[in-house]
1. Could you tell me which residue of the stretch 102-131 is nearest to the chain's Cα centre (by Cα), considering only residues that are open to solvent by 80 Å² or more (accessible area, probe 1.4 Å) and under 19 Å from residue 45 (Cβ atoms)?
2. Return a yes/no flag: does the stretch 52-65 have any residue that is open to solvent by less than 40 Å² (accessible area, probe 1.4 Å) and in a helix (DSSP H, G or I).
3. Taking only the stretch 1-36 into account, find how many residues are modelled with pLDDT of 75 or more and open to solvent by 100 Å² or more (accessible area, probe 1.4 Å).
4. Please tell me if residue 174 is within 25 Å of residue 18 (Cα to Cα) and modelled with pLDDT under 95.
5. Hey, could you check the stretch 66-81 for residues that are outside any helix (DSSP H, G or I) and open to solvent by 20 Å² or more (accessible area, probe 1.4 Å) and say which is nearest to residue 157 (Cα to Cα)?
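The values are calculated or read from the model by the stated rules, or taken from the named source; none is laboratory data. Everything quoted here is computed from the prediction, not taken from an experiment. All Cβ positions, glycine included, derive from the backbone under ideal geometry; neighbour counts span all protein chains shown. Protein only, heavy atoms only, side chains kept; ligands, DNA and RNA dropped before computing areas. Shrake-Rupley method; radii C 1.70, N 1.55, O 1.52, S 1.80 Å.
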Amino acid sequence: DFYQVMGAELRRLDRLINQLLEVGRLDAVGLGTEPEDVPLEPLIRRAAEMATVHHKLVEAEVFQYDCDPVIIHARRLVLEMIFGNLLDNAVKYGGAEPRVEIEVRLAGPGRVRVRIADNGDGVPSQLRKRIFRMFYRGGSELERRQKGTGLGLYIVRTLVHMLKGRISVVNRTGQNGSVFEVEL
């Protein structure tokens, strides 16, 4: 039992160190590659699959897609990090049986809007700006049910801003959950 606990803590520490290293080099993410035309739906579906594998769930039972065929000219790694973090969070902070709806729409000339809606508890209005700060985690340490470092949404916001985009969060209208909206 002791070795299993040590192994789990070592993996958690390794993830934390890797996230800190990512934060330290956010300005250089993807610079080793040229921007390319990236079809967004397949990228999002791969990120969703990775999130469900990570949380030991079945993708078809968690994710629902409503995607226009959209292509974004950007560095693939940047988009993978943005949507990988957002979809992992949607599953992690979703309800006991997480359900995530993804909508991709053209939002005007040269703009794309992606909405990711989960069925979790939502984000209180007073925390909506703070959750994008480095190391910020809502709630008390004693009440927290989910592990994390408070870096994922900071990384997402930084990368979205690098792409000259915007990110926001609101609670779902008429039901439990949050809606993260990314406009690129």
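1. 115
2. From the stretch 52-65, those open to solvent by less than 40 Å² (accessible area, probe 1.4 Å) are 52, 62-63; that's our starting set.
Imposing the further condition that a residue be in a helix (DSSP H, G or I) reduces the set to 52, 62.
Among the residues of the stretch 52-65, at least one is open to solvent by less than 40 Å² (accessible area, probe 1.4 Å) and in a helix (DSSP H, G or I), which makes the answer yes.
3. Keep residues of the stretch 1-36 that are modelled with pLDDT of 75 or more, which gives 1-11, 13-14, 17, 33-36.
Imposing the further condition that a residue be open to solvent by 100 Å² or more (accessible area, probe 1.4 Å) reduces the set to 1-4, 10-11, 34.
Qualifying residue count, the stretch 1-36: 7.
4. Numbers: within 25 Å of residue 18 (Cα to Cα): no; modelled with pLDDT under 95: yes.
For residue 174, the condition - within 25 Å of residue 18 (Cα to Cα) and modelled with pLDDT under 95 - is not met.
5. Just the residues of the stretch 66-81 that are outside any helix (DSSP H, G or I), to begin with: 66-75.
Those left that are additionally open to solvent by 20 Å² or more (accessible area, probe 1.4 Å): 66-69, 71, 73, 75.
Values: 66: 23, 67: 22, 68: 23, 69: 24, 71: 21, 73: 18, 75: 16 Å.
Once the filter is applied, the top-ranked residue is 75.
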